[in-house]
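Data block below; observations after.
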Amino acid sequence: MQDKIHSSYKQLEQKSKYTNMFLRWFLYFVLVIFALYFIFPLYVMVVTSLKTMEEIRQGTLLTWPSGLNFDSWLVAWGGRGYGAGDTFLKPYFWNSIKMVVPAVFFSTFIGAMAGYVLTKWRFKGDKWVFLFLLFGCFIPYQAILLPMARTLGVLGISNSVIGLVLVHTVYGIPFTTLFFRNFYVSIPSELVKAARIDGAGFFKIFFKILLPVSTPIIVVTIIWQFTQIWNDFLFGSTFSFGEAAPIQVALNNMVLSSTSVKEYNVDMASAIIAGIPTLIVYVLAGKYFIRGLTSGAVKG
Amino acid sequence: MLKWLEKNLPKIVMAPAVGLIGWFVYGFVLWTLYISFTNSKILPKYELWGVGQYVKLWGSRKWLIAVDNLLIFTALFLIFCVVIGIILAIFLDQKIRAEGVLRTIYLYPMALSFIVTGTAWKWILNPTLGIQKMFIDWGFENFTFDWLVNREMAIYTIVIAGVWQSAGFVMALFLAGLRSVEDEIVKAAKIDGANLFTVYWKILLPMMRPVFFTSFVILVHISIKSYDLIVALTQGGPGISTTMPALYMTQTAFHKSQVGLSAASAMMMFMAVAAVIIPYLYSELRRENAR
């Protein structure tokens, strides 16, 4: 009797072991299929950029390139060296850098200050002020494009990198404030109160108490702002053209320009060049990137 | 004077943020609202003209196509992103080997711009050298995949690229949600004899209500604003078959110079976003106050 129960239990255990194994395999199978789906466009971009047009016409999307041929990358970055109609990314890449660095700096600084005041120097109605700022994360920018275009014109900075710095700084503030506010809320206010009793002032408290522990949120904010501003197309394409355009706009123009022969290898190399800075940041600091996404991801 | 300065320093520091947002967000939205009630063409005019622009907007075939596309896109985008996101999150939650690598792969599209990924998808989906040719070369001689240049189907290529870009993000939200649930709950359910499927279907997913809500709000918000992806993939074509409101707005303003009409379309977008966002902010605020 005892034996019988024991053996049927063994059988059951064996059976569940097989189902479990099957389930595990199924699990990995599905996960890998999705991984292939996600990696597919990147793979195609990279191999296409390394092929010659001849290879592209003969092979398929997946065909491995015959060698490491960076010619299309050089063309995408520096052009072919003849005058008119030769568009390449190098100057626009620098435009983007010149736009991103100050815009990230200013928006992060303003947001840090606002987050600090909203949590540690609370005043009557501060919740409403926060809500007032927060709503700015969500507005569809179409509702501000027309007056912004006029304003930039009046200020004399339309179609310039400075204009784009202003635009990105302003519309970054709601996000940076949100980040810093949510971070500083979790830092005990007792520290600040004690410092105030000791006579420390507004800025001293910020620089001595809050700033030293703010590294993670500063990293999150900088990465978020950098990615958003680098990848922006709407503002770039509306408020700039020609030589002042940021890289995304230049990439789009390059791909759309209908020269006689479409050079897909150069297109793909250009797309990689435009995507590589944010991709590097993502790979190096993915943890912070995801934190930004999940805590403030409301932008498109 | 100095005393006053010291007392009001926090407010003074706060002022730039409030001032800039007040002017550049609220002021500008009001300006757009006002212009939408005028008969502005190339330059804004300030005499009121009534609701004429809105009547014109809703009588325009292109706008109706744009709204139609938005509805199709939003519905499919939501369903696919959420389903794929949940499946990936649950599967990744099973103590998977190489979880970090897989997560990185699922999420990297979020780091790229829609212009970059749109360029890649356009190349993949183009009928002459892309996927279609790949299958034909593999021996499926009658294989056709011309959605990108097909009026009826082009909108679905935008769904494909959009889901690819954003599904990983939903996964990240759900994974964070699942990880925040106490282990005890799952253990207790398992001791009571619930299998893994029941645990997720009956216990964990219902607990994820706030995550569903957040994903819904963010995805709808992304889809109403989608602009770059369409510019990169189809420019609204073939014809005007993949126009969406955001594209309609910029084209009307900057190519057709119909400032009043484009302001009206911008306000429609604004109201659609507000209808989703205001209940969301309200509920978030209530949750925070309850804490």
Residue-normalised 222 nm signal for chain A, counting each DSSP H run of n ≥ 4 as -39,500 (n - 2.57), nearest 500 deg cm²/dmol, is -24000 deg cm²/dmol
With label points set 7 Å from each Cα along the Cα-to-Cβ direction at B:VAL276 and B:ILE87, the distance between them in nm comes to 2.3 nm
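Let's see if you can work this out: charge +1 on each Lys and Arg Cβ, -1 on each Asp and Glu Cβ, no other charges. What is the dipole magnitude of chain B about its Cα centre, in debye to the nearest 20?
On the way: 24 positive and 16 negative charges, 146 e Å.
Charge dipole, chain B, about its Cα centre: 700 debye, nearest 20.
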PRE zone check, label point 7 Å out along Cα-to-Cβ of B:LYS11, amide N under 17 Å, scope the stretch A:111-143, hits A:114, A:117-130
For the stretch B:40-56, in residue order, the Karplus 3J(HN,Hα) values (coefficients 6.51, -1.76, 1.60; θ = phi - 60°; whole Hz; Gly and Pro = x) are 7, 10, 6, 10, x, 10, 10, 7, 5, 10, x, 8, x, 5, 5, 4, 4
On the formula 1/(1 + (r/R0)^6), with r taken between the Cβ atoms of B:SER241 and A:VAL283 and R0 of 30 Å, the FRET efficiency rounded to 0.05 is 0.20
For B:LYS256, counting only lysines whose alpha-carbon sits under 25 Å away and dropping same-chain residues fewer than eight positions off, the answer is B:LYS41, B:LYS45, B:LYS56, B:LYS62, B:LYS225
Looking only at lysines whose Cα falls under 16 Å of A:LYS51's and that sit 8 or more positions away or on another chain, we get A:LYS262
Filtered hits (lysines, Cα-Cα < 22 Å from B:LYS95, offset >= 8 within chain) -> A:LYS15, A:LYS17, A:LYS287, B:LYS187, B:LYS190, B:LYS202
GNM of chain B, Cα pairs under 10 angstrom: of B:ILE21, B:ILE124, B:ILE224, the biggest fluctuation goes to B:ILE21
In order over the stretch B:261-275: 3J(HN,Hα) from phi, Karplus 6.51/-1.76/1.60, θ = phi - 60°, whole Hz, x for each Gly or Pro, gives 5, 5, 5, 4, 5, 5, 5, 5, 5, 4, 5, 4, 5, 4, 4
Expressed as a whole number, the average count of other chain Cβ atoms within 10 Å around the Cβ atoms of B:279-285 is 2
Taking B:164-176, B:67-79 and ranking on average Cβ neighbours within 10 Å, highest first, one gets B:164-176, B:67-79
For the stretch A:273-280, in residue order, the Karplus 3J(HN,Hα) values (coefficients 6.51, -1.76, 1.60; θ = phi - 60°; whole Hz; Gly and Pro = x) are 4, 5, x, 5, x, 5, 5, 4
Shielding of A:277-290 by other chains, given as the mean Cβ count within 10 Å, works out to 3
In a Gaussian network model of chain A with springs linking alpha carbons closer than 10 Å, the residue among A:SER240, A:SER186, A:SER49 that fluctuates most is A:SER186
Sorted by chain and then number, the residues having a modelled amide H within less than 5 Å of the amide H of B:THR38, at least 5 places away or on another chain, are B:TRP49
Given a Förster distance of 30 Å, the FRET efficiency implied by the Cβ-Cβ spacing of B:TYR26 and A:ILE162, rounded to the nearest 0.05, works out to 0.80
Output ordering of B:91-102, B:26-37, A:30-41 (per-residue mean of other Cβ within 10 Å, highest first) is B:26-37, A:30-41, B:91-102
Taking every residue of B:117-129, the Cβ atoms of other protein chains inside 10 Å of its Cβ average out to 6
With a ≥ b ≥ c from the Cα gyration tensor eigenvalues, square-rooted, and the rule rounded for a/c under 1.5, otherwise prolate when a/b > b/c and oblate otherwise, the stretch A:90-296 is prolate
For A:124-130, B:191-197, ranked highest to lowest by mean beta-carbon neighbours within 10 Å, the order is A:124-130, B:191-197
Among A:PRO216, A:SER186, A:PHE235, the residue whose Cα sits farthest towards the positive end of the charge dipole of the stretch A:155-263, when +1 is placed on the Cβ of each Lys and Arg and -1 on the Cβ of each Asp and Glu, is A:SER186
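None of the figures in this text is laboratory data; all of them are computed from the coordinates on show. Quick caveat: nothing in here was measured; it's all calculated off a predicted structure. Note that we place each Cβ from the backbone using ideal geometry, even for glycine, and neighbour counts take in every protein chain shown.
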